[in-house]
Protein chains: 2
Amino acid sequence: MQRIANLIVLKDNQVLLLKKPRRNWYVAPGGKMEAGESIYNSAIREFKEETNTTPANPHLKGVYTMVTRDEQQVESEWMLFTFVSYDLEGIPFEITKEGILEWHPVEDLAHLPMAEGDRTNLQFAVSGKGVQYGTFVYTTDFELIKEDIQVSYEGEEH
Amino acid sequence: MQRIANLIVLKDNQVLLLKKPRRNWYVAPGGKMEAGESIYNSAIREFKEETNTTPANPHLKGVYTMVTRDEQQVESEWMLFTFVSYDLEGIPFEITKEGILEWHPVEDLAHLPMAEGDRTNLQFAVSGKGVQYGTFVYTTDFELIKEDIQVSYEGEEH
């Protein structure tokens with residue numbers, strides 16, 4: 001099963017996003033975990049590779065079960081781990097083999113073109129409290145069919 | 001790839017643990033995620049099935065990459081998601097097909113027989129702040145060869 005870790009940096013009210021060439025959809029920098037890697041190390045490594053910068057103190061904000069479905073048939077299932085950082089070290093690439101890196105005002109997450117599940121995840125990562133969990137079901141063409149979300153908070157004893 | 005979710009309840013300074021018959025090792029109640037399930041729903045479902053009780057407000061405390069190695073060969077790799085709750089509803093089973101459920105003072109986590117990685121995870125879950133990540137490498141006989149741990153905290157901007 002594929003495991004993907006990604007990371008969104010929010011700094012000076014701007015977020016660093018990668019515009020992918022295929023649909024011009026925006027994503028947070030990230031990619032596939034390697035064998036034996038922790039999700040934390042994976043998110044940092046992928047972010048460095050894609051941006052040429054080092055994120056400061058990443059923190060996990062979401063763990064998602066991602067499903068694509070072709071008619072009634074499940075086509076694939078994978079896990080997505082989303083981190084946030086509030087600073088980075090270095091100057092980000094502008095153009096990479098993965099796409100174009102752009103800073104956008106955090107409010108733009110509401111309307112920039114992206115997978116609808118990513119919008120839910122990234123908006124939570126930069127503004128939600130606690131950790132978000134959920135399942136996103138997509139068509140193979142990445143139209144969101146269903147989302148089911150849960151949230152929890154540190155130290156909630158009641 | 002296997003995904004396991006488990007959950008430790010800490011209530012009145014006691015933790016609810018399952019003593020497994022094979023080695024008399026203690027674990028936190030949990031088990032395999034189902035297809036399309038979120039880690040949160042999975043932890044609750046597994047805890048209910050194994051204990052007959054409902055955990056209150058579970059919160060994610062750890063995400064681990066687990067590896068077993070036979071000599072130099074990786075035998076298997078899976079993900080472990082560990083949650084904590086501070087209360088539960090219902091009366092736990094005492095004996096189940098999985099083992100014996102017992103309450104123990106939380107301090108006993110330091111010396112009860114268990115996999116050494118589980119000791120690290122469960123002690124963090126009940127007393128650590130933030131979220132813990134890491135990789136545990138075991139022999140196929142569950143002797144810990146290597147652990148590599150990271151921790152992060154909510155809202156750490158510097």
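Which ³J(HN,Hα) values, rounded to whole Hz and listed in residue order, are derived for the range B:58-70 from phi using the Karplus coefficients 6.51, -1.76 and 1.60 in 6.51 cos²θ - 1.76 cosθ + 1.60 with θ = phi - 60°, glycine and proline given as x?
x, 9, 6, 10, x, 10, 10, 9, 10, 10, 10, 10, 10
Can you return the lysines within cross-link range of A:K97? Criterion is Cα-Cα under 28 Å, with same-chain partners fewer than 8 residues away left out.
Cα-Cα hits under 28 Å: A:K11, A:K19, A:K20, A:K32, A:K48, A:K61.
Which chain A residue sits with its beta carbon nearest the axis carrying A onto B, and how many Å away is it, rounded to a whole number?
Result for the axis mapping A onto B: A:M1, 2.
Which whole number gives the average count of other chain Cβ atoms within 10 Å of the Cβ atoms across peptide A:33-45?
Shielding by partners across A:33-45 averages 5.
Give the distance, in whole Å, between the Cα centre of the range B:26-49 and the Cα centre of the range B:130-157.
The distance from the Cα centre of the range B:26-49 to that of the range B:130-157 comes to 20 Å.
Shape of chain A from its Cα gyration tensor (a ≥ b ≥ c, root eigenvalues): rounded if a/c is under 1.5, otherwise prolate when a/b > b/c, or oblate?
Working: a/c = 1.42, a/b = 1.17, b/c = 1.22.
Rounded is the answer for chain A, as its axis ratio a/c remains below 1.5.
Heavy atoms only, 1.4 Å probe, whole protein assembly: order B:F93, B:F47 by accessible area, highest first.
The residues order as B:F93, B:F47, largest area first.
Please compute, for peptide B:128-140, the average count of beta-carbon atoms on other protein chains lying within 10 Å of each residue's beta-carbon.
3
Using alpha carbons only, how many angstrom separate the centre of the range A:10-25 from the centre of the range A:57-118?
Spelled out, the Cα-based centre of one part sits 9 Å from the other.
Report, by chain and number, residues whose modeled amide H sits under 5 Å from the one on A:R69, excluding near sequence neighbours (fewer than 5 apart, same chain).
Hits under the 5 Å cutoff: A:E75, A:Y138, A:T139, A:T140.
Find every distance from the label point of B:N24 to the corresponding label point in the other copies (7 Å from Cα along Cα→Cβ) and write them in nm, one decimal, shortest first.
Result, one decimal in nm: 6.8.
Taking only protein heavy atoms and a 1.4 Å probe, what accessible area per residue, in Å², does the protein assembly as shown have with all protein chains in place?
So the protein assembly as shown comes to 46 Å² accessible per residue, rounded to a whole number.
Once A and B are treated as a pair rather than alone, how much accessible area drops out, both sides summed, in Å² to 100, probe 1.4 Å?
Counting protein atoms only, the buried area is about 3100 Å².
What is the mean number of Cβ atoms from other protein chains located within 10 Å of the Cβ atom of each residue in peptide A:56-65, rounded to a whole number? Numbers along the way, then the final one.
Details: counts 3, 6, 4, 8, 8, 2, 1, 7, 2, 11.
For peptide A:56-65, the averaged partner shielding equals 5.
Within chain B, what's the longest stretch lacking GluC sites (Glu not before Pro) that sit in DSSP loops with no more than 15 other Cβ atoms inside 10 Å?
Counting only loop sites that pass the neighbour cut-off, the longest clear stretch is B:95-142.
State, to one decimal in nm and shortest first, how far the label point of B:G90 sits from each corresponding label point in the other identical copies (label point: 7 angstrom along Cα-to-Cβ).
4.9
Considering only DSSP beta bridges with both partners in the protein assembly as shown, what is the antiparallel share in %, to the nearest 5? It would help to have the intermediate numbers written out before the result.
Values: 72 of 104 bridges.
Expressed as a percentage, antiparallel bridges in the protein assembly as shown total about 70.
The values are calculated or read from the model by the stated rules, or taken from the named source; none is laboratory data. These numbers were taken from a predicted model, which means no experiment stands behind them. Counting neighbours? That spans all protein chains shown, and the Cβs are built from the backbone with ideal geometry, glycine included. Note: accessible area is taken over every heavy atom of the protein model, side chains too, but ligands, DNA and RNA are not part of it. Shrake-Rupley method; radii C 1.70, N 1.55, O 1.52, S 1.80 Å.
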